[in-house]
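The values are calculated or read from the model by the stated rules, or taken from the named source; none is laboratory data. Values in this document were obtained by computation on a predicted structure and should not be read as measured data. All accessible areas refer to the heavy atoms of the entire protein, side chains included, with ligands and DNA or RNA removed. Shrake-Rupley method; radii C 1.70, N 1.55, O 1.52, S 1.80 Å.
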Amino acid sequence: MPVITHRIARPHPITGRKALYAVSGSSFGIVGMPDDEARDLLDELAAHATQPKYQLRFKYGVGDVVVWDNAALLHSATLIDPDHARTLWRITVLESSQAAAAPDVLSTRG
């Protein structure tokens, strides 16, 4: 499976404001940076971005609908009670802005 690259911070396709993008638990390195330094930086950025002052917590109830803009925030679901399942429908809108796309660079790591 090829290594996929994403920008760490990318411009929002509408507002142009930059937001952290690839700093969650699914990022494993930074192209052109030693692995230990990259992981340290990614961990530092994730710790900064997930401080309580930047968090919004929402307690779901029957009939609730929550919509968020993936281009502008990091999100994480916390399953409080596994006996209370939730239904999730994901809708993705194709982003037309090429400025938010990752450069055509793949890591040399295999």
### Query
How much length is gained on full extension from Ala47 to Thr15, taking 0.36 nm per residue of separation minus their Cα-Cα distance?
9.0 nm
### Message
Tell me the per residue accessible area of the stretch 21-78 using a 1.4 Å probe; a whole number in Å² is fine.
### Response
80
### Computed over the stretch 1-77, Kirkwood Rh from alpha-carbon pairs, angstrom
14.3
### Gain on full stretching of the segment that runs from Thr87 to Asp69 - 0.36 nm per residue minus C-alpha separation
4.6 nm
